[in-house]
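The values are calculated or read from the model by the stated rules, or taken from the named source; none is laboratory data. As the structure is a prediction and not an experimental result, all values here were calculated from the model. We place every Cβ from the backbone using ideal geometry, glycine too, and count neighbours over all the protein chains shown. Accessible surface is based on the protein model in full, side chains and every heavy atom, while ligands, DNA and RNA are left aside. Shrake-Rupley method; radii C 1.70, N 1.55, O 1.52, S 1.80 Å.
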Amino acid sequence: MTNSLTSANIWVGNSGNAATAVSMSGDATMSNAGVVTLANSGVTAGTYAKVSVDAKGRVIASASLSAADINTALTYTPVNKAGDTMAGALAMGTNNITNTGNITMAANKYFTLSANTTNGTTAGQMWYDTGTIKYYDGSVVKSLGVAGTGITTLNGLSTATQSFVLGTAGTDVGISSAGSAHTFDIPTASATKRGALSSADWSTFNSKMSNSLTSANIWVGNSGNAATAVSMSGDATMSNAGVVTLATSGVTAGSYAKVSVDAKGRVIAGLSMTSSDITTALGFTPAGAATAFVQNGNSFGATAVLGTNDANSVEFETNNSTKMTILSSGNVGIGTTTPGSKLEVAGNITGYNSGVAADALVEAKHFSANAGNSGAIQFLRARGTSAAPTQPQSGDQLGAIRAQNAVNPNSWPGIYFNTTENHSASAQGSAISFHTTANGTVGGTERMRIDHNGNVGIGTPTPGVNLDVNGGLRAGSSTGVTTCGAGQANGEGTQRYNYTSHRMEYCDGASWVPVGSSKLMGSAKMVGAANCLWQSNSTSWTNMATVDNDCNAWTVSGDATSPGKYPAVTFASLPAGDYELIFKNSGLHPGTYDCHARLSDGTNNSGTIFISLDYDDPGLLIGHFSYATAQTNITFQLQVYSFNTASSCYLDNSLANRDSIEFVLKKL
C-alpha cells in the first residue's frame with residue numbers, strides 16, 4: 001500500500017476487507033489536521049429547560065416546560081443512578097440479569113450454577129445437572145470434565161504413536177490424517193489459493209508503507225494527498241486502543257432543571273430554574289404567600305375562600321389518597337367521594353364537649369310546613385360492599401343507639417334494631433330491643449323487646465301477646481290514677497292498684513271495679529199476684545213470652561228495663577265482656593211429665609236445668625254469656641220444653657204473699 005492519500009481522507013477497511021481511502025462523514029468530519037468536527041444536530045444554540053435527544057445522545061430539539069412537566073416533576077424525587085454499594089443480598093426472583101459487564105467476585109466466595117435437569121437451547125448456556133456441569137454449544141449439550149483414561153483417538157487415528165507433517169497440497173489450508181500421521185497442508189498463497197506468503201511476495205509487501213505509527217496516532221490524508229500520522233483532536237480524541245473520548249463541553253457533571261446547549265447539541269451549562277420559567281410554563285403567575293394558602297397558616301385579614309369557581313368538586317387528601325370530598329352540590333363526604341347527603345361519613349363519628357358545662361349534642365333540625373317530614377336519625381345496613389351491597393340476613397343488626405362510659409367503654413346499654421328475617425325488596429321484618437347494664441357489672445342485658453308482630457316483651461325476647469311480662473308487673477296507684485270515664489280517652493280499660501282496699505281495679509267506663517269481682521248491671525223483680533201464671537206444652541224450646549195482665553209490673557234497677565208482663569228482661573246496651581244471668585223463682589215446676597228450662601238471649605243459650613216430678617222446685621237458674629263486642633237492645637228470656645204435649649211446664653207466680661221472680665245480670 002502506498003502512502004498516497006487524498007487530503008483529509010483516512011484509510012478504512014471496506015466490506016471486501018481492503019483498506020480504502022474515504023473522508024469521514026455522517027455524524028462527524030475530520031480535517032487534514034486530524035481535527036474531528038461533530039455535525040450539527042438541528043438545535044439552535046441556547047439555554048433550555050426541556051430538550052429532546054436522538055438515539056446517539058445528541059440534543060436535536062428544544063422546547064419550553066409545560067404545566068404537565070412541572071406537575072410530574074413535583075410528584076417524585078429523582079433517584080441518583082450513579083451507583084451504590086448494596087448493604088444486603090439482591091434477590092432478582094426469577095428475572096434475568098442481562099447485558100452486564102465483567103462479574104468480579106470477592107475472595108472466598110462461590111459461583112453457584114442453577115440446578116436444572118432441562119437442557120439449554122441457547123449457545124453458551126451452562127447449568128448443573130445431577131453431579132455434572134453441562135453447557136450448550138449451539139448444536140448439542142456437552143459435559144465438562146474427563147471420563148475414562150483420556151484421549152483414545154485423534155482425528156480418527158487410534159495408533160499409540162502419531163506424528164504431524166507439513167504439506168502444500170490443495171487450494172486452502174487443510175488437515176488430512178492417515179496411518180499414524182496428520183498432514184497439515186498449507187499451499188503458497190495466490191489469487192486462487194489461501195495459504196502461506198512466499199518470500200518474494202513478502203519482499204513486495206515489505207516495500208510498502210511501514211506499519212510503524214506513533215501511539216494513539218491515526219493515518220489521515222493530508223493536503224498533499226499523502227497518509228500522514230496525526231492524533232485525533234478537536235471535539236474528540238482517540239486512545240491507542242481506538243477509544244474515542246468527547247471533549248468536555250464546559251458544564252460540570254450533575255443534575256439540572258435547566259440546561260444550555262451549543263449548535264452541536266452538547267450541554268454547555270447547567271442552570272437553576274427561575275420564577276419566569278415557572279410562569280412561562282404554567283401560563284399564569286402562581287399565587288404568592290399573600291393570596292395562597294401556605295404551610296402553617298395565613299393572615300389574610302378577611303374571609304378566606306378555598307374552592308372552585310366552576311361545577312367541579314374539591315377533594316382533600318393525605319397519604320396520597322382522598323380523605324374528604326365536597327361535591328359541587330355542596331354535599332360533603334368523609335371517607336367517600338360520592339356523598340348522597342349534606343354530610344356522609346364512611347366510618348365512626350366522635351363528638352365530645354371537654355371541660356365545658358354543656359351537653360355534646362347531635363341535632364337534626366328540619367324546617368318545613370310538611371307534617372310528614374322531620375329531623376331523623378337513620379341507620380342504613382347492608383351486607384357485601386359499598387360498591388356491591390347485598391340484602392341483610394335474619395339476625396343482622398340494622399343499627400343501634402348506645403350510651404357508654406368514655407373511660408372504660410365495657411358496657412353497651414342502648415336501643416338495638418335487628419332483622420327478624422332474610423330481607424328482600426318486599427320482606428323486611430325487624431324488631432327493637434332495649435338493653436341496660438346492672439349495677440356492679442359490665443356488658444349489657446336485653447330488658448325489653450318489640451317484636452316484628454308489635455308484641456312487647458319485658459323480660460322475654462319472644463313475646464307471644466301484645467304485652468308479655470316475664471316477672472312482676474306494677475300498675476298505676478289509686479293516688480296517681482284517678483280519672484275514670486266512658487271511652488279510651490277518659491280512662492276506660494285502665495287498671496290500677498288501690499292502696500286502701502289493697503285490690504286491683506279497672507275502669508269499666510263509669511267507675512273503678514275491683515278485679516275478680518262482678519259488677520251488677522241491673523235487675524228486674526216481679527212479686528206474686530193472683531192468677532199470675534205462665535205455661536207451655538211445646539216439645540221444643542219455646543220462650544215463655546205470653547203477657548199475663550194478672551201479673552204485677554216489674555220493678556227494675558240499674559240498666560235493666562221490662563219488655564212486658566212475662567219472664568224477660570232487656571238491656572239497652574252492654575259493653576263487651578263476660579256476664580252471669582241469675583233467674584230466681586219459687587214456682588217453676590212440671591205438669592204430669594218432666595220438662596227442661598234454660599235462659600236465652602235469642603242467640604246464645606245457657607243454664608239448662610232438668611225439672612223432674614220427683615224433685616222440688618229448683619228455684620234458681622244461672623246462665624253465662626260472653627260478648628266480644630258491645631251489644632245493644634238485648635233481651636234475656638226464660639225458655640222451656642215439655643217431654644210430652646199432654647203435659648205443660650209451669651212458672652207459677654200466683655201467691656201474693658209468697659211468690660216472686662227476679663232477673664239479676666252481673667258483669668264478671
Just wondering, is there one or more residues in segment 399-415 that are under 23 Å from Val456 (Cβ atoms) and within 19 Å of the chain's Cα centre (by Cα)? yes
In segment 190-204, how many are in contact (Cβ under 8 Å) with a residue 12 or more places away in the chain and loosely packed, with under 14 Cβ neighbours inside 10 Å? 3
I need the full set of residues from segment 452-490 which are more than 23 Å from Asn422 (Cα to Cα) and not in a loop (DSSP other than H, G, I, E, B), in order please. Ile458, Leu467, Asp468, Val469, Gly476, Ser477, Gln488, Ala489, Asn490
Could you look through segment 420-446, keep only residues that are touching a His at 6+ places or on another chain (Cβ under 9 Å) and β-branched (Val, Ile, Thr), and pick out the one that is least open to solvent (accessible area, probe 1.4 Å)? Thr420
Within segment 252-276, restricting attention to residues that are in contact (Cβ under 8 Å) with a residue 60 or more places away in the chain and either among the small types (Gly, Ala, Ser) or within 29 Å of Gly307 (Cβ to Cβ) (or both), which residue is surrounded by the most Cβ atoms within 10 Å (Cβ to Cβ)? Gly265
Filter result for Thr645 (touching a residue at least 60 places away in the same chain (Cβ under 8 Å), in a loop (DSSP other than H, G, I, E, B) and over 20 Å from Ser557 (Cβ atoms)): yes
Taking into account only those residues within segment 110-120 that are modelled with pLDDT under 85 and either more than 14 Å from Gly131 (Cα to Cα) or not in a loop (DSSP other than H, G, I, E, B) (or both), which is least open to solvent (accessible area, probe 1.4 Å)? Phe111
In segment 547-599, residues that are part of a strand (DSSP E or B) and either in contact with a Phe, Trp or Tyr (Cβ under 7 Å, 6 or more places away or on another chain) or not polar (S, T, N, Q) (or both) total 24
Any idea how many residues of segment 491-520 are assigned to a loop (DSSP other than H, G, I, E, B), polar (S, T, N, Q) and within 21 Å of Leu574 (Cα to Cα)? 4
For segment 204-220, how many residues meet the condition of being at pLDDT below 90 and either outside any loop (DSSP other than H, G, I, E, B) or closer than 19 Å to Val36 by Cβ (or both)? 6
Consider Gly307 against the criteria (1) at positive phi; (2) modelled with pLDDT of 90 or more; (3) in contact with a strand residue (DSSP E or B) (Cβ under 7 Å, 6 or more places away or on another chain): it satisfies all of them except one. Which criterion is unmet? (2)
Return the residue satisfying two criteria in turn: it lies in segment 544-603 and is of a type in the set (Lys, Arg) and within 18 Å of Val664 (Cβ to Cβ), and of such residues it is most open to solvent (accessible area, probe 1.4 Å). Lys584
